[in-house]
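One structure is given below, encoded as structure tokens.
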Amino acid sequence: MSYWIWVPCLILFYGFYTWISRQNNLHGGKWFWITFFYGALCPIWALVSRYSTNIILDGMLYDVIMFLTYAAVMTVLGAGVGFIWIQWIGVGFVIAGFALMHIDADVMKIIFGA
């Protein structure tokens, strides 16, 4: 599956999912069930992995896009206003962890020839 198709779909999906999660946090009730069914009935990763030609790269790209979209939309919605400096450092560590996992995956590919 082309990156031009699934990457924008993923950003839109998780942008809307973040908004639904925020509504659930603020109001609860029916938003819990909307969040549950929206997440359970839209398996984007299942489609991406089915047509992937490089599952390691696509998996890492999927996770990074999911995380960055969720964090960006939550910040835009005002949920990140209460973050203190240590929490933003934690966000930086998560991003650095994604980079290190990708480097580790490349090293494993070289070692095991997968």
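The values are calculated or read from the model by the stated rules, or taken from the named source; none is laboratory data. Computed from a prediction, not measured in an experiment: that's the story for all the values here. Every residue, glycine as well, gets a Cβ built from its backbone with ideal geometry; the counts of neighbours run over all protein chains shown.
Is it fair to say residue 47 is modelled with pLDDT of 85 or more and farther than 18 Å from residue 18 by Cβ? Quick ask: steps written out before the conclusion?
Values: modelled with pLDDT of 85 or more: yes; farther than 18 Å from residue 18 by Cβ: yes.
When the stated conditions are applied, residue 47 passes them.
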>> What pairs come out if I take residues in the range 30-51 that are touching a residue at least 12 places away in the same chain (Cβ under 8 Å) and pair them with residues that are among the aliphatic types (A, V, I, L, M) and assigned to a helix (DSSP H, G or I) whose C-beta lies under 7 Å away, six or more apart or interchain?
In response: 34/20; 35/20; 38/20; 44/10
>> Any residue that is modelled with pLDDT under 85 and either farther than 20 Å from residue 77 by Cβ or in contact with an Asp or Glu (Cβ under 8 Å, 6 or more places away or on another chain) (or both) - is there at least one of those in the range 2-20?
In response: yes
